[in-house]
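The values are calculated or read from the model by the stated rules, or taken from the named source; none is laboratory data. Keep in mind that what you see is a predicted model, and the values were worked out from it rather than measured. No Cβ is skipped: glycine too gets one built from the backbone with ideal geometry, and neighbour counts run over all protein chains shown.
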Protein chains: 2
Amino acid sequence: MPDQPSTAPRISRLRALLRRSNVEAFLFLDLKNIRYLTGFTGSDGALLVGAGKPLLLVDGRYTTQAGREAPGARVVLYRDKASGIADALSAQGVERVGFEPAAATVEMLTGLRRKAKKVRWTPLQEKLGAIRAVKDPGEIRLIGRAARIAAGALRSTLERIRPGVCERDIAIELEYAMRSMGAEAPSFDTIIASGPNSALPHARPGSRKIRPGDFVVVDYGAVWRGYHSDETCTFAVGGAGRRHKKVYAVVKEAHDRALETLRPGVACRDVDAAARGVIEKAGYGSRFSHGTGHGVGLDVHEAPRLSTLSDAVLEQGMVITIEPGIYLPGFGGVRIEDMVLVEKDGARVLTEFSKELQVIG
Amino acid sequence: MPDQPSTAPRISRLRALLRRSNVEAFLFLDLKNIRYLTGFTGSDGALLVGAGKPLLLVDGRYTTQAGREAPGARVVLYRDKASGIADALSAQGVERVGFEPAAATVEMLTGLRRKAKKVRWTPLQEKLGAIRAVKDPGEIRLIGRAARIAAGALRSTLERIRPGVCERDIAIELEYAMRSMGAEAPSFDTIIASGPNSALPHARPGSRKIRPGDFVVVDYGAVWRGYHSDETCTFAVGGAGRRHKKVYAVVKEAHDRALETLRPGVACRDVDAAARGVIEKAGYGSRFSHGTGHGVGLDVHEAPRLSTLSDAVLEQGMVITIEPGIYLPGFGGVRIEDMVLVEKDGARVLTEFSKELQVIG
């Protein structure tokens, strides 16, 4: 796997964090973090990073695969996960351990406390939840490839978005096209929301048939080697009236103003404010009911968040979405979403579709 | 939604459990349990079942949908989930609360402990994890429909399982066929494992092309209105040699013996023993590396488990899989899986494909 990024620099950065966190080791239970730090892609396991070689703990299904995928770790087989972790901690003589409280279930921590009585557990969600926010060049290539697969699939499916075709059938065809073009999976359940349904930010594609005069929101993405893409296009079917053009123009302006703010050192909250300000000024403030964006990588939603409440600051190498929207019950909605890379002096859009208003069907 | 089962009897059974559990209320965080008890299908929320009408707590995306889907519950909006739950507990004056420790994260319970200081939390995983094990007639209809959709899709895809076609392309076609025939989704990532890959119980479909002499394991299922199906067929491509026939016959015998044991009151461990005994006697004991089956419903894997360690006992209305297998590294593997309903005097197979050895391609 020549273009699979090396995990060694990631472990090195983590050790620096370890020294600053007043713990002797980190226990990872989040499988995406484990994949990031080792390369292991199995569906269950745990990772212990302390002073020595990282320990990757897996069950009997995964010993062979773990050895092949995670050359930087020592693979340890467990029969019972909590017991296996407790034994590893005891063997290493580790007593202060940081963990991810959003990934650990109460059942798991209870089991660990019972089996590793000497260990003191320190929740470190904020630190460990953000270790993947800045992407390295290998990751950026994989995300870009995912975005290209997705765009190719949408191009080949576009002629299906026309009056008389139901939302669900478009979603099925688009997902099939992504898979056929190499995607491991869709990034999430594809949203095809038409007419009044487009006013629901989280609509599920249903039996409604596209009609002339509809907005159709297409929110979709592909997974390539574990990395996600995320993009939203809103099309006007059969023509765009004055109200369609007005609403679209406001969202496009919000999207463009947010893009212009992007560079290292900018507060994520200020990016959100740039988009939100445009929409508020146009009188639609209450119709933009979600944040402006989020990080994308091994998860389709990951750090940082771009919202009014975010404390995060942009760094070079972050991959984020910019996705303002306006949702008008009964009429319809517009969301315009690009996925972008924060670069030294600005940002580069990784998604491929034009975000000018397109009339189709 | 006329054939959507009523949730009222489920809440009644739960209240009986509440009285026996020395708590005043149950907090549900498992979304499948919440769906089961209320009908709500959203992607986030919490359910509090105490003395009065159940409280369904959701965020702003889901208030409309929750009101429509969950007429038996009172819908409460939260901005922060832990705060919303704490406020509801306080408003009801509830201080002893049972919860699902395998569904609650440490982060969530920490937040709840900080915000609802008077509440004592009782982990009740075993009791709450099994509330869905016995299916009602409405659920059995939905599971049966899922199995029929899946079988129709496999029948229409069967001609693709032939020499020269790669595993991944067969998986994509089969999943597309399930979606096109009405499935909401595949039950899980479809397994198409050919030749030596069939010796891996959890193989992922890859670029290997089918060859004459291969076993091809097809482990697949469809989701219909939230309910899953699960079935495995093993085909012989282009002919079956003596070893193929021998191994297949042993697994088939194990499968049939296990089926014969099924009736209410039988220990799940004994069902496993019936299958395992046949395989051990034939000398392949170490090559059957997983349990004999599991419950199926809103999750594709749920209570009860059928393994050497299981403490569960079969009850009328349980829907379970019977799926023995033999895996021979380098040669290939056979798994034969049916999904069955435990009935008053025995069991009825819900999956549709013949489990006799079929030579195809």
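Of note:
- Candidate set from the stretch A:164-184 (those that are closer than 23 Å to A:Ala236 by Cα and outside any helix (DSSP H, G or I)); member that is farthest from the other protein chains (Cβ to nearest Cβ): A:Gly164
- Selection from the stretch A:279-300 of residues that are touching an Asp or Glu at 6+ places or on another chain (Cβ under 6 Å) and either surrounded by 23 or more Cβ atoms within 10 Å (Cβ to Cβ) or at positive phi (or both): A:Thr292, A:Gly293, A:Gly295, A:Val296
- Which numbered condition B:Val94 fails, given (1) β-branched (Val, Ile, Thr); (2) farther than 22 Å from B:Lys32 by Cα; (3) surrounded by fewer than 16 Cβ atoms within 10 Å (Cβ to Cβ): (3)
Conditions tested, residue by residue: (1) under 30 Å from B:Leu109 (Cα atoms); (2) touching a Cys at 6+ places or on another chain (Cβ under 9 Å); (3) not assigned by TED's automatic domain parsing to the domain that holds A:Arg208.
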residue	(1), (2), (3)
A:Ala88	yes, no, yes
A:Leu112	yes, no, yes
A:Tyr176	no, no, no
A:Ser180	no, no, no
A:Ala185	no, no, no
A:Phe188	yes, no, no
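- Members of the stretch B:185-194 that are assigned to a loop (DSSP other than H, G, I, E, B) and crowded, with 21+ Cβ neighbours inside 10 Å: B:Ser187, B:Thr190
- Scanning the stretch B:148-163 for residues that are more than 14 Å from chain A (Cβ to nearest Cβ), within 18 Å of B:Thr234 (Cβ to Cβ) and over 20 Å from the mean Cα position of the chain (by Cα), we see that the one that is surrounded by the fewest Cβ atoms within 10 Å (Cβ to Cβ) is B:Glu159.
- Qualifying residues in the stretch B:78-93 (those that are modelled with pLDDT of 95 or more and under 26 Å from B:Ala130 (Cβ atoms)) - the one nearest to the other protein chains (Cβ to nearest Cβ): B:Lys81
Residue-by-condition table, conditions (1) buried (at least 21 other Cβ atoms within 10 Å of the Cβ); (2) more than 21 Å from A:Gly238 (Cβ to Cβ); (3) of a type in the set (Phe, Trp, Tyr):
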residue	(1), (2), (3)
A:Pro329	no, yes, no
A:Gly333	yes, no, no
A:Lys344	no, yes, no
A:Arg348	no, yes, no
A:Leu357	no, no, no
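- Check on B:Ile131, within 30 Å of B:Phe26 (Cα to Cα), of a type outside the set (S, T, N, Q) and assigned to a loop (DSSP other than H, G, I, E, B): yes
- Residues of the stretch B:97-123 that are more than 8 Å from chain A (Cβ to nearest Cβ), part of a loop (DSSP other than H, G, I, E, B) and in contact with a helix residue (DSSP H, G or I) (Cβ under 7 Å, 6 or more places away or on another chain): B:Glu100, B:Ala116, B:Val119.
- Considering only residues in the stretch B:135-147 that are assigned to a helix (DSSP H, G or I) and surrounded by fewer than 18 Cβ atoms within 10 Å (Cβ to Cβ), the one that is farthest from the other protein chains (Cβ to nearest Cβ) turns out to be B:Pro137.
- Residue within the stretch A:185-194 that is touching a residue at least 24 places away in the same chain (Cβ under 8 Å), farther than 30 Å from A:Ala312 by Cα and within 14 Å of chain B (Cβ to nearest Cβ) present: yes
- Test for B:Ile140: is it under 30 Å from B:Ser12 (Cβ atoms), touching a strand residue (DSSP E or B) at 6+ places or on another chain (Cβ under 9 Å) and modelled with pLDDT under 95: no
- Among the residues of the stretch A:268-278, those that are more than 19 Å from the chain's Cα centre (by Cα) and of a type in the set (A, V, I, L, M) comprise A:Ala273, A:Ala274, A:Ala275, A:Val278.
- Search result, residues across the stretch B:50-71 that are basic (Lys, Arg) and either in contact with a His (Cβ under 9 Å, 6 or more places away or on another chain) or crowded, with 17+ Cβ neighbours inside 10 Å (or both): B:Arg61
- Yes/no for A:Phe215 being within 14 Å of chain B (Cβ to nearest Cβ) and either within 20 Å of A:Phe288 (Cβ to Cβ) or surrounded by fewer than 21 Cβ atoms within 10 Å (Cβ to Cβ) (or both): no
- Residue list for the stretch A:130-146, filter: out of contact with any Asp or Glu (no Cβ under 9 Å at 6 or more places or on another chain) and of a type in the set (Lys, Arg): A:Lys135, A:Arg145
- Looking only at residues of the stretch B:21-41 that are of a type in the set (A, V, I, L, M, F, W, C), outside any loop (DSSP other than H, G, I, E, B) and farther than 20 Å from A:His202 by Cβ, we find that the one that is nearest to the other protein chains (Cβ to nearest Cβ) is B:Leu27.
- For beta carbons closer than 9 Å, sequence separation of 6+ or different chains, a first residue in the stretch A:325-342 that is on the phi > 0 side of the Ramachandran plot and without any contact (Cβ under 8 Å) to a residue 40 or more places away in the chain and a second that is in a loop (DSSP other than H, G, I, E, B) and not small (Gly, Ala, Ser), there are no qualifying pairs.
- Among the residues of the stretch B:224-275, just one is of a type in the set (Val, Ile, Thr), more than 29 Å from B:Gly361 (Cα to Cα) and crowded, with 24+ Cβ neighbours inside 10 Å, namely B:Val271.
- Any chance B:Lys246 is among the basic types (Lys, Arg) and within 26 Å of the chain's Cα centre (by Cα): no
- Being away from chain A (no Cβ under 14 Å), farther than 28 Å from A:Tyr62 by Cα, charged (D, E, K, R) and assigned to a loop (DSSP other than H, G, I, E, B) holds for only one residue in B:Arg263, B:Arg257, and it is B:Arg263.
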